[in-house]
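Below: one structure, written as structure tokens.
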Amino acid sequence: MRPAAGSHGERTHEIGIRKAVGARRRTILMLFLMESVVLCLLGCLIGVILSYLVIYGMAGFLTSMDIVISVKPGAVLLAPPPMQRGEWVQRKTLIEESEKLRQRYRALAEKRGCFFADAGDWDVELLFDGVHFSPSGHAAFARGLSEALRDCERKTV
């Protein structure tokens, strides 16, 4: 049962009293609607406040640790590895389009002047579906990304 319908079913006594004192059907409907809106807004506000508390709490925790992270301004454009024939990739056109995507990423990186890394060059093994990484594929991707970020840092220093 939906919460609103359940609320209506549990509040028949209240609805009856409102009708007895002259409330119209439309007025009662608007009361339920306004109550729902207020509860939604209150839930949203509480969620936003809690998320800010968590963010600031984590920021305080992370800054208290003795970790130095140096980030240089700039962007890294990372092309995903191309798809392979598998359970999810049956058509050759999908594989061809994923190859074209790599070329488009490279051209965009050159146009924007940002660092480009191509995960298609990292021998990332995919699973039977032709899309998702295998465990060894995840390791190869992590090694390739780590090396690409080191290369990027060397070029921006």
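The values are calculated or read from the model by the stated rules, or taken from the named source; none is laboratory data. The structure presented is a predicted model; accordingly, all values stated were derived computationally and were not measured. Don't worry about glycine lacking a Cβ; one is built from the backbone with ideal geometry, like all the others, and counts go over all protein chains shown.
Scanning the stretch 74-97 for residues that are touching a residue at least 60 places away in the same chain (Cβ under 8 Å) and aromatic (F, W, Y) turns up nothing.
One residue is enough: does the stretch 57-76 have a residue meeting the conditions touching a strand residue (DSSP E or B) at 6+ places or on another chain (Cβ under 8 Å) and either loosely packed, with under 10 Cβ neighbours inside 10 Å or modelled with pLDDT of 80 or more (or both)? Yes, some residue in the stretch 57-76 is touching a strand residue (DSSP E or B) at 6+ places or on another chain (Cβ under 8 Å) and either loosely packed, with under 10 Cβ neighbours inside 10 Å or modelled with pLDDT of 80 or more (or both).
Give the stretch 91-146 a look and list any residue that's of a type in the set (D, E, K, R), part of a helix (DSSP H, G or I) and more than 20 Å from V76 (Cβ to Cβ), or say none.
Result: K92, E96, E97, E99, K100.
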